[in-house]
Amino acid sequence: MTAVSLEHATVPADTGEVTLLIARRVEPGHEAAFEKWAKGILDCAARFDGHLGYGLFRSSGGDAPWFLVHRFRDARACQDWQESPERAAWFANCEGHHHTEIARRKLTGMETWFASPGSTRPAPPRWKMAISATLAIYPISLLGSYFLVPHLTGLPVVLSSAVIACVFNVLMTYAAMPAVSRLLRGWLGQ
């Protein structure tokens, strides 16, 4: 898959955020019309209160689907979009684009760290996600205590806590969780 755009990327957290992943199969020869329609519906959704960003991922070819991704502040914002007349109008005007929804998955909180692109299988049980997150957090906390915290002791608690949270979130999202998820892939998928 090739990424077309992914806007407003933020660190996934168990804050009530909802990620909606939709797979659509597009008939050969209709890709340009579908892409124009998809970009339009994603831009429309982005104007809704509580919408945090979106992505459009092209098919890798053959029968591989296209993916549309919406991120919402919470379940209510997601529901408002899905029940909106604006969304209904986009679907009423999609004739001739020759595309079909083949899968839909709603992810919340930590599930987004464990979702494989292109997969519609459910996230692992929460207890497995908690163990995996602990295995990722532990080395970051340990190293942070030795190397980062001593340099922050002169700062006000509010500021030093903000620095620690920022560094830990970035390391969790881009280093620790991807590594732990790969390492435990077999166990997480059972």
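The values are calculated or read from the model by the stated rules, or taken from the named source; none is laboratory data. Computed from a predicted structure; not experimentally measured. Cβ atoms come from the backbone with ideal geometry, glycine included; neighbour counts cover every protein chain shown.
If we scan segment 28-40, do we find a residue that is within 17 Å of Asn93 (Cβ to Cβ), of a type in the set (Lys, Arg) and buried (at least 18 other Cβ atoms within 10 Å of the Cβ)? The answer is no; no qualifying residue exists. In this entry, Ser116 is excluded by the filter for residues that are at pLDDT 85 or above and either under 13 Å from the mean Cα position of the chain (by Cα) or small (Gly, Ala, Ser) (or both). Contact map, segment 45-56: first residue farther than 16 Å from Glu35 by Cα, second residue at pLDDT below 85 and part of a helix (DSSP H, G or I), Cβ cut-off under 6 Å, separation 6 or more or different chains; the map is empty. For segment 153-190, taking the residues that are touching a residue at least 60 places away in the same chain (Cβ under 8 Å) and of a type in the set (Gly, Ala, Ser), the one that is surrounded by the fewest Cβ atoms within 10 Å (Cβ to Cβ) is identified as Gly189.
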